[in-house]
Amino acid sequence: MLKNIEELNGMREAGKLAAEVLEMIGDYIKPGVSTGELDKICNDYIVEVQKAIPANVGYRGFEKTLCTSINQVICHGIPDFNRILKNGDIMNIDVTVIKDGWHGDTSKMFLVGKAQAHNERLINITQECLYKGIEAVKPGAHLGDIGHAIQTHAEKNYYSVVEEYCGHGIGKIYHDEPQILHYGKAKTGQEIIEGMCFTIEPMINLGTKFTKLLSDGWTVETQDGRNSAQWEHTIYVNKDGAEILTLRKEEQ
Ligand code: MF3
Ligand code: CO
Ligand code: CO
């Protein structure tokens, strides 16, 4: 669904709040803290400070505010008071906030303590993949151009792109059409039109692209047990390209 200016302003506010959750939680991330505690801090902040709604709570039976995906976990890791962060872990935190009915969905990678060089490189190149995907967005381009830009950069660096999970249209509906694949061929797929809002959220693996779903029904891990990284932004298509609705201060 295309957004008019009033709807865009609603999306801007939701996106800003989601970005602010990731900015706020950074200082709490260190060895010894549990993902359950991080989830509680973010829930309190969204509800009490932002006066907003944590979209993941109750979403298809998910019970937490954040997804906390550590090391070989690709996405949808469940926060847990028994999962204590340790030095060298890498973690994605993914949060979605609803404000006035509009959704803002974003995630970033955090290093816990001192990271190993190969993990830091995976994280940085995955962020570059997200930015290259965003740069491919403009009216008249095609959705396949986004996936092509991401896949090319990942594979040039000998990484693989997860195929089973993708970005999505977003607005009053959390996961709307169209699907935004993170792999593909240039000049294929739907044409990109001014007014669209969608997420781009590449998941990039150190090893093979294959995934496995754990028995909790949510946690997705790499099949080979090697690490995975993800970054996500919600964007709006304007006449020149993409406006990043979930941009953080550290990115400006
Ligand atoms: N925020 C995730 C996404 O980027 C979806 C999480 S759904 C949950 O689309 F239920 F696992 F929280
Ligand atoms: Co998300
Ligand atoms: Co998303």
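The values are calculated or read from the model by the stated rules, or taken from the named source; none is laboratory data. Note that this is a predicted model, so its numbers are computed, not measured. Here the Cβ is made from the backbone with ideal geometry for all residues, glycine too, and neighbour counts use every protein chain on show. Please note that ligands, DNA and RNA were not included when accessible areas were found on the heavy atoms of the full protein model with its side chains. Shrake-Rupley method; radii C 1.70, N 1.55, O 1.52, S 1.80 Å.
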Entries of LYS86/LYS114; LYS64/LYS212; LYS3/LYS99; LYS16/LYS51 with Cα pairs more than 19 Å apart:
LYS64/LYS212
Starting from the Cα of LYS187, draw a straight line to each of the lysines and keep only those under 23 Å, dropping any in the same chain fewer than 8 residues away.
LYS132, LYS138, LYS156, LYS239
Estimate the FRET efficiency between GLU6 and ILE193 by the formula 1/(1 + (r/R0)^6), using the beta-carbon distance for r and 22 Å for R0, to the nearest 0.05.
0.75
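Could you work out the relative contact order of the stretch 5-251, using alpha carbon pairs under 8 angstrom and six or more residues apart, expressed as a whole percent? Please list the in-between numbers first.
On the way: 636 pairs, mean separation 54.6, N = 247.
After rounding, I find 22 percent.
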Over the chain, the sum of -39500 (n - 2.57) across DSSP H runs of at least four, divided by residue number and rounded to 500 deg cm²/dmol, gives at 222 nm -8500 deg cm²/dmol
Debye log10 I(q)/I(0) for the chain, one point scatterer per Cα, at q = 0.07, 0.09, 0.15, 0.17 Å⁻¹
-0.21, -0.35, -1.03, -1.33
If you stretched the chain out fully between LEU247 and LYS30, how much longer would it get, using 0.36 nm times the residue separation minus the C-alpha to C-alpha distance?
75.8 nm
Taking square-rooted eigenvalues a ≥ b ≥ c of the alpha carbon gyration tensor, is the stretch 38-136 rounded, prolate or oblate, where a/c under 1.5 means rounded and, failing that, a/b exceeding b/c means prolate?
oblate
Descending accessible area (1.4 Å probe), largest on the left, turns HIS175, HIS142, HIS233 into HIS175, HIS142, HIS233
Ignoring ligands and nucleic acids, MET1 exposes an accessible area, probe 1.4 Å, in Å² to the nearest 10, of 130
Could you work out what % of the accessible surface of the chain is carbon and sulfur, using a 1.4 angstrom probe and leaving DNA, RNA and ligands out of the count?
51
For TYR45 the rounded accessible area (nearest 10 Å², probe 1.4 Å, non-protein molecules ignored) is 60
With a probe of 1.4 Å, find how much accessible area the stretch 5-251 has per residue, and write the answer as a whole number in Å².
43
Per the rule of 0.36 nm per residue minus the C-alpha distance, extending TYR158 to ASP44 adds in nm 37.0 nm
